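The structure appears below as structure tokens.
The values are calculated or read from the model by the stated rules, or taken from the named source; none is laboratory data. Keep in mind it's a predicted model, so treat the numbers as computed, not measured. Cβ: placed from backbone, ideal geometry, glycine included. Neighbour counts: every protein chain shown. Ligands, DNA and RNA are stripped out before the accessible areas are found, and what is left, the full protein with its side chains, is counted by its heavy atoms. Shrake-Rupley method; radii C 1.70, N 1.55, O 1.52, S 1.80 Å.
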Amino acid sequence: MKISEIATIIGVDFNQEDFEITGINTLKSASKTELSFVSNSKYINDIKDSKARAIIVDANTKEFVPENSIALVVESPYWEMAKLSKYFAPSIEDETLPEPKIGEGSKVSPKAEIAKGATIGENCTIMAHVYIGANVTIGDNTTLHPSVCIYRDCKVGSDCIIHANTTIGSDGFGFATSKLGEHKKIYQNGNVVIEDSVEIGSSTAIDRAAFGTTLIKKGVRIDNLVQVGHNCEIGEYSVLVSQAGIAGSTKMGRNVVMGGQSAIAGHLEIAAFTTMAARSGVTKSIKESGLTFAGFPLMEHRLWLKLQAKLAKLVK
Amino acid sequence: MKISEIATIIGVDFNQEDFEITGINTLKSASKTELSFVSNSKYINDIKDSKARAIIVDANTKEFVPENSIALVVESPYWEMAKLSKYFAPSIEDETLPEPKIGEGSKVSPKAEIAKGATIGENCTIMAHVYIGANVTIGDNTTLHPSVCIYRDCKVGSDCIIHANTTIGSDGFGFATSKLGEHKKIYQNGNVVIEDSVEIGSSTAIDRAAFGTTLIKKGVRIDNLVQVGHNCEIGEYSVLVSQAGIAGSTKMGRNVVMGGQSAIAGHLEIAAFTTMAARSGVTKSIKESGLTFAGFPLMEHRLWLKLQAKLAKLVK
Amino acid sequence: MKISEIATIIGVDFNQEDFEITGINTLKSASKTELSFVSNSKYINDIKDSKARAIIVDANTKEFVPENSIALVVESPYWEMAKLSKYFAPSIEDETLPEPKIGEGSKVSPKAEIAKGATIGENCTIMAHVYIGANVTIGDNTTLHPSVCIYRDCKVGSDCIIHANTTIGSDGFGFATSKLGEHKKIYQNGNVVIEDSVEIGSSTAIDRAAFGTTLIKKGVRIDNLVQVGHNCEIGEYSVLVSQAGIAGSTKMGRNVVMGGQSAIAGHLEIAAFTTMAARSGVTKSIKESGLTFAGFPLMEHRLWLKLQAKLAKLVK
């Protein structure tokens with residue numbers, strides 16, 4: 001998309017030489033041909049290092065935009081980015097892509113739907129009512145149970161099992177809100193990557209990234225009815241028990257255990273080998289590895305037991 | 001259905017002139033040709049204003065039935081209403097309805113199932129394994145992702161997006177229980193209406209009303225794995241984050257925000273612009289607009305923070 | 001499978017006369033032709049009464065194996081059992097089974113998939129995108145709404161209703177973990193049995209047993225988005241409200257009520273007529289019948305109210 005068209009859409013005067021913008025991305029990840037934006041003053045430090053060719057900013061933030069980048073000044077950068085995200089969203093399916101490729105030994109139910117551009121490895125089992133979207137790749141020996149839905153551009157590794165009615169790569173929960181309280185969708189143009197030997201239960205939801213990738217690493221075990229928000233990263237061999245939920249952009253190390261109905265807020269980091277008891281609610285990053293937590297607000301498990309003992313005394 | 005047949009089913013003597021009953025409804029909503037019932041003494045005040053042609057009551061409540069209405073006296077009105085609800089339930093599908101209508105520019109996967117009597121607007125995308133029930137109407141430019149299921153008689157507006165494996169209009173959780181502890185289903189003969197520009201995540205469940213409508217108003221954003229009970233009303237631009245749950249008949253104003261894993265009990269009213277932090281549990285109506293709450297039992301967010309600080313001291 | 005092959009797989013020397021092992025099972029349930037294992041020292045008392053033909057044990061447990069049984073001594077019995085479970089797992093479908101039988105008066109959508117070996121009773125409604133696995137049996141007058149998935153070997157009774165996108169019999173969350181933190185799947189070779197007159201909401205997950213049966217008894221009511229773990233037993237007429245979760249192997253008596261978002265840990269027993277308020281978290285067995293509980297940790301509901309009143313005073 002031409003920068004001049006972008007400027008017109010977001011209502012900015014633009015009189016320089018025109019050029020092509022290939023995508024929208026975060027300040028940190030944007031390439032030299034991409035557009036970025038500053039949604040929040042806490043990202044101001046990321047501006048000066050950004051490679052983005054153009055950056056949507058408000059008047060206060062304009063001065064931080066580096067020389068090699070063009071500042072597009074608007075009142076509400078996040079709202080304007082949401083408006084533009086639609087133009088960079090690929091179509092749900094694409095008839096111009098090549099016919100799907102199915103590896104040797106794979107059994108695909110005639111009642112499954114495999115979109116053009118998809119690639120399925122060898123010895124897979126794709127059951128009835130599965131949907132595999134455009135450009136999805138599936139490794140070898142992977143089983144997708146009935147009504148599993150994998151949205152376009154996602155990748156599933158080898159030796160994976162995904163149980164019935166689970167959704168991989170539906171849109172993350174992203175929108176900008178105007179002063180009047182109306183919402184504008186931020187199209188989620190990233191994907192989900194699931195590495196090898198992962199098993200995922202039924203009716204679980206793993207959202208695609210807004211930009212980049214939601215990553216489920218090797219050997220992870222996810223139970224039924226679990227929520228994984230956009231741009232999360234789940235470390236190797238981590239275990240998410242039923243009805244656990246993780247908000248967007250949280251990253252955890254390997255062998256983290258989340259008990260049933262536990263939850264982690266967004267944009268946190270959880271150290272490897274952390275265990276969260278059932279119903280834990282995590283609102284701050286956990287930096288020390290190997291500890292066990294409980295409660296909401298979160299505390300070390302032994303403290304939580306002590307607190308509950310004190311509370312029990314209150315009513316005696 | 002004839003009133004004489006109804007009387008026979010619920011074991012009431014009926015010797016007056018026969019007439020037709022067109023449906024069952026609440027005391028407040030019943031029309032002059034409908035039947036109603038008194039399930040709970042707290043609804044006694046609604047009896048005298050009811051337009052219902054006949055009302056199922058117990059012996060104690062009989063005296064409140066107005067002159068223009070016939071009292072059908074039984075031991076357990078709720079149980080007998082449950083018994084009758086089955087007779088007023090429409091069939092799941094109906095072969096006598098006209099062929100479904102698909103608007104210009106809409107793409108319907110051959111692997112979707114569109115029941116007779118359904119109407120789909122223009123430029124919609126109906127993906128594989130979607131089910132659209134009898135008499136459902138879908139507006140223009142709406143996208144239904146794979147395995148979305150919309151039960152009969154529901155309405156979805158224009159410019160909506162519903163993500164994979166979500167269910168709209170399955171039966172609300174309604175039943176009567178006998179003294180021996182057995183349950184009898186209350187057929188859920190209402191519907192769900194979703195207004196324009198609503199986006200709903202994956203594996204979410206929005207139940208149809210027992211009578212009347214479960215209403216999702218314009219611009220609402222609902223995340224994954226959310227539960228909306230029968231007869232709820234979600235105000236314009238409200239935001240329900242993942243794994244939130246709302247029991248039946250609760251009504252909220254516009255721009256209400258429910259955090260992740262929060263919950264609201266049934267039959268409450270939530271003022272516009274209320275924010276509930278993650279894990280909030282609401283058991284009373286919220287009348288003042290614009291406040292932020294947390295905790296279970298619910299309290300203002302600043303009080304909750306204060307309480308947690310006090311509790312933290314207990315274990316030091 | 002020959003015991004000699006089993007010994008080779010788990011790296012045990014075996015020089016006795018060879019014989020056939022027909023399956024793996026728990027110490028208590030194993031028959032005279034089955035293999036069992038001791039995963040945890042708390043099961044030591046079960047060894048001496050086990051009828052199992054062979055038992056996988058570690059060096060410390062070997063002495064408890066009775067005379068009629070062969071001890072297979074390994075370092076990590078649970079890990080070796082997980083390794084073996086794969087060999088006893090039936091294929092997902094089986095082309096050698098007979099064509100499915102559909103009872104008189106049953107309507108099966110051509111867009112449903114019924115695997116070989118399945119049996120559907122009379123007057124059932126099987127809607128589009130339903131999956132019914134190998135050897136599944138469905139009683140009479142049962143309705144399966146769109147995208148319901150029933151895995152192989154499960155049984156659903158008569159007069160049941162299962163709502164859209166619900167999964168019956170997906171694999172329980174079972175795996176062994178090595179000292180290095182890697183997981184090995186324990187194939188879930190049991191099933192789910194749902195008795196008569198049960199209604200289950202949408203996007204609910206009921207896991208198949210590791211060995212034996214996950215049992216949902218007569219007249220149970222399960223709401224949307226509920227998790228029932230492997231090997232649970234839900235008593236007659238029990239009521240599980242939306243987003244409730246039960247970990248594995250918990251057994252409850254009749255007419256138990258679990259409020260919304262409540263949870264029960266694994267391996268517990270819950271007395272008949274127990275009521276758990278919304279958000280209850282149960283970590284110990286409940287032995288006395290007819291009580292009402294709340295909170296996490298759980299306490300009697302009246303105590304919980306008292307505690308909340310005290311806590312409210314703390315912040316005044």
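At-a-glance table
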quantity	calculated
Residue check, residue B:20 at pLDDT 95 or above and under 23 Å from the mean Cα position of the chain (by Cα)	no
Strands (runs of 3 or more DSSP E) enclosed by segment C:1-102 - at least 1 residues per element that are open to solvent by less than 80 Å² (accessible area, probe 1.4 Å) and not aliphatic (A, V, I, L, M)	C:34-37
Selected residue (criterion: least open to solvent (accessible area, probe 1.4 Å)) from residues of segment C:273-288 that are assigned to a loop (DSSP other than H, G, I, E, B) and closer than 25 Å to residue B:206 by Cα	C:280
Residue in segment C:294-315 that is charged (D, E, K, R) and in contact (Cβ under 8 Å) with a residue 12 or more places away in the chain present	no
Subset of segment A:211-221 that is part of a strand (DSSP E or B) and more than 9 Å from every other protein chain (Cβ to nearest Cβ) - its residue that is nearest to the chain's Cα centre (by Cα)	A:214
Among residues of segment B:167-183, those that are within 14 Å of residue B:80 (Cα to Cα) and either of a type in the set (Ser, Thr, Tyr) or assigned to a loop (DSSP other than H, G, I, E, B) (or both), counted	5
Exclusive hit being under 16 Å from residue B:145 (Cα atoms), outside the structural domain of residue A:220 (by TED's automatic domain parsing) and not hydrophobic (A, V, I, L, M, F, W, C), set A:122, A:113, A:104	A:113
Filtered residues of segment C:289-298 (kept if at positive phi and open to solvent by 30 Å² or more (accessible area, probe 1.4 Å))	C:290
Residues of segment B:242-262 satisfying the condition of being facing chain A (nearest Cβ under 10 Å) and within 11 Å of residue B:216 (Cα to Cα)	B:254
Residue match in segment B:74-95 (condition: closer than 28 Å to residue B:151 by Cβ and among the β-branched types (Val, Ile, Thr))	yes
Residue in segment B:271-287 that is without any contact (Cβ under 8 Å) to a residue 60 or more places away in the chain, among the hydrophobic types (A, V, I, L, M, F, W, C) and under 17 Å from residue B:209 (Cα atoms) present	no
Any chance residue A:251 is open to solvent by 30 Å² or more (accessible area, probe 1.4 Å), among the charged types (D, E, K, R) and either closer than 30 Å to residue B:314 by Cβ or in contact (Cβ under 8 Å) with a residue 24 or more places away in the chain (or both)	no
Residue C:270 vs. criteria of a type in the set (A, V, I, L, M), within 13 Å of another protein chain (Cβ to nearest Cβ) and either farther than 21 Å from residue C:248 by Cα or surrounded by 20 or more Cβ atoms within 10 Å (Cβ to Cβ) (or both)	no
Some residue of segment C:274-291 being closer than 21 Å to residue A:241 by Cα, among the aliphatic types (A, V, I, L, M), touching a strand residue (DSSP E or B) at 6+ places or on another chain (Cβ under 8 Å) and facing chain B (nearest Cβ under 10 Å)	yes
Tally, over segment C:122-153, of residues that are away from chain B (no Cβ under 14 Å) and surrounded by 24 or more Cβ atoms within 10 Å (Cβ to Cβ)	6
Number of the condition not met by residue A:229 [criteria: (1) in contact (Cβ under 8 Å) with a residue 40 or more places away in the chain; (2) within 23 Å of residue C:188 (Cβ to Cβ)]	(2)
Residue list for segment B:228-241, restricted to those being open to solvent by less than 10 Å² (accessible area, probe 1.4 Å) and within 14 Å of chain C (Cβ to nearest Cβ)	B:228, B:229, B:232, B:240
Within segment A:155-166, tally of residues that are in a loop (DSSP other than H, G, I, E, B), facing another protein chain (nearest Cβ under 8 Å) and either out of contact with any strand residue (DSSP E or B) (no Cβ under 9 Å at 6 or more places or on another chain) or surrounded by fewer than 24 Cβ atoms within 10 Å (Cβ to Cβ) (or both)	0
Of residues in segment B:299-313 being hydrophobic (A, V, I, L, M, F, W, C) and surrounded by fewer than 14 Cβ atoms within 10 Å (Cβ to Cβ), the one modelled with the lowest pLDDT	B:312
Flag if residue C:208 is within 14 Å of chain A (Cβ to nearest Cβ), more than 18 Å from residue B:243 (Cα to Cα) and of a type in the set (Lys, Arg)	yes
Residues that are open to solvent by less than 50 Å² (accessible area, probe 1.4 Å), of a type in the set (A, V, I, L, M, F, W, C), over 18 Å from residue A:183 (Cβ atoms) and within 13 Å of chain C (Cβ to nearest Cβ), drawn from segment B:174-205	B:175, B:176, B:186, B:192, B:205
